[in-house]
Amino acid sequence: MIKHYSNIMNFILTLSMLATLATASPAPAPASALYGCTEGLNYCGHTLLNMGWSRDNIIDDCSGRPDWLTANSVDNVLFHCTSGDYLTFIESCNAPGTCVDAGSGNSDYCS
C-alpha cells in the first residue's frame, strides 16, 4: 500500500511540474522581432511606424540615441537595423530636409 501511495505521489508531482512549465510566460520579444527590420538597412522613423512599430518600441530598441530623441520626435529620424534586429540612431533629417522612404528592400535616407 505504501509503495502504491508513493507512485501516486510521484505521478502527481510530475503532473504539477508539467503544468507549471506549460503556463510559464516566455520573456517578451523586442519590438523588432515582432515587426521586423532587415539587418544592414536604414529606416526612417515614419517607415518603422508604418511597419507597425510603436513610438515607444522605437525608443526602447534604439541604442546610441541622443537625449533629445523622444517617442514624439522619431518620425523624421534615420535609424540603422543592426544584428539581432535592434536599431541604432544615425541622424535627424530635420535640417536641411526630410527622411525619405526608399521602398521595400532599400535603405531610407535623409534628403
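Computed from the coordinates by the stated procedures, all read-outs in this text should not be read as laboratory data. Quantities reported herein were computed from a predicted structural model and do not represent experimental measurements.
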Self-check item: For TYR43, distant residues with modelled amide H under 5 Å away
Solution: PHE79, HIS80, CYS81, ASP108
Quiz item: Once you sort the root eigenvalues of the Cα gyration tensor of region 60-111 as a ≥ b ≥ c, which label holds: rounded (a/c under 1.5), prolate (a/b larger than b/c) or oblate (the other case)?
Solution: oblate
